[in-house]
Amino acid sequence: MITVIGSINMDLAVVMDTFPKQGETVLGQEFSTIPGGKGANQAIASVKLGSDVQFIGCVGKDRFGEQLTNNLQHYQIDITGIHQVDAPTGVANILIHKHDNRIVVIPGANAALTTQQIDAHWHKIAQSKLVIMQLEISEAVVAYVLDKCKQAKIKVLLNPAPAQHFSLDWMEHLAYMTPNESECEQIFQKPYEQVVAMYPNKVIVTLGSKGACYHDGQKLVAIEGYKADVVDTTGAGDTFNGALAHALMNESSLADAVYFANIAASLSVEKFGAQGGMPTVAEVQQRMKQ
Ligand code: RIB
């Protein structure tokens, strides 16, 4: 089983032809309210591929919280670790321009997840083969989970997004870390090629349409991006993480898992919304044959 400890957001997505300058008002083309949040997205990416997933996180006692919890349940994710708290459900304002996005997250209820709640669910978390986290929940909770997982010898995959509040001390606790290129440079203050060499088989850097890369201890391994008909890149990184976790938990080698995750991410960008294009295993296998 995979446990995702992370964020649940409602994505408020606006598609626009013209990106406004500072102080300018423009007319947009479309507005959608769709499920998102890096934690929820990664959980759904894994479960759609066939993994068994439980979720630990918080939503508000509001309409968004109810809709987003139902959405996770609809995908057969174990939601018994989701708490309703006295804060508004997290939201993400997403501006989509020329198929690319800019996102502002208001964590709301996500920030209310506590170490006490982790303790309350520890008996179930302790059964995981892998714990996945991102950085849309509190830094104290991430640090606490890393310590507990280290003691219990449970592998952790950390997607350090957004790249704030990352502590370099965490590196020794991680089995896998999956920054994108800019997150990697922001955290380590070094080019990503140097970082992957410092952490062989551990740091996997996603490079958008250029694919992903890691170091195998002897050489840099670059896995090329798969050409996709891009509609919306929101959630591509989350699909990569969920698919990577799924493949690794099904005994794939790191090389095969990164290849699989790369294909899954390429499929995800061909539909609208963070979760809209997340593929099944059959869809990934189909694309591998193309
Ligand atoms: O990675 C994409 C996600 O980032 C969006 O769904 C949004 O909610 C933010 O968390």
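Key figures for this structure:
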read-out: Residues located in the range 101-143, provided they are part of a strand (DSSP E or B) and in contact with an Asp or Glu (Cβ under 9 Å, 6 or more places away or on another chain); value: 101, 103, 105
read-out: Failed condition for residue 55, given (1) in contact with a helix residue (DSSP H, G or I) (Cβ under 7 Å, 6 or more places away or on another chain); (2) surrounded by fewer than 23 Cβ atoms within 10 Å (Cβ to Cβ); (3) among the aromatic types (Phe, Trp, Tyr); value: (2)
read-out: Enumeration of residues in the range 1-31 that are within 12 Å of the ligand (Cβ to nearest atom) and not charged (D, E, K, R); value: 6, 7, 8, 9, 10, 12, 13
read-out: Cross-chain or 6+ apart pairs with Cβ under 8 Å, the range 257-271 first and of a type in the set (Lys, Arg), then outside any helix (DSSP H, G or I); value: 271/231; 271/232; 271/277
read-out: Restricting the range 32-58 to residues that are more than 15 Å from the ligand (Cβ to nearest atom) and in a strand (DSSP E or B), the residue that is farthest from residue 252 (Cα to Cα); value: 56
read-out: Sole residue being within 13 Å of the ligand (Cβ to nearest atom) and within 16 Å of the chain's Cα centre (by Cα), chosen from 101, 93, 71; value: 101
read-out: Flag if residue 197 is over 23 Å from residue 83 (Cα atoms), among the small types (Gly, Ala, Ser) and part of a loop (DSSP other than H, G, I, E, B); value: no
read-out: The range 61-97: number of residues that are touching a residue at least 12 places away in the same chain (Cβ under 8 Å) and closer than 20 Å to residue 32 by Cα; value: 18
read-out: All positions within the range 7-52 that are hydroxyl-bearing (Ser, Thr, Tyr) and out of contact with any helix residue (DSSP H, G or I) (no Cβ under 7 Å at 6 or more places or on another chain); value: 18, 25, 32, 33
read-out: Conditions (1) surrounded by 21 or more Cβ atoms within 10 Å (Cβ to Cβ); (2) farther than 25 Å from residue 150 by Cβ; (3) charged (D, E, K, R); (4) at pLDDT 95 or above; number of the one not met by residue 232; value: (4)
read-out: Close pairs (9 angstrom Cβ cut-off, 6 or more residues apart or separate chains): more than 19 Å from residue 45 (Cα to Cα) in the range 218-236, among the basic types (Lys, Arg) anywhere; value: 222/210; 224/210
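The values are calculated or read from the model by the stated rules, or taken from the named source; none is laboratory data. Since the model is a prediction, treat every value here as computed from it, not as a measurement. As a convention, Cβ positions derive from the backbone with ideal geometry for all residues, glycine included, and neighbour counts pool all protein chains shown.
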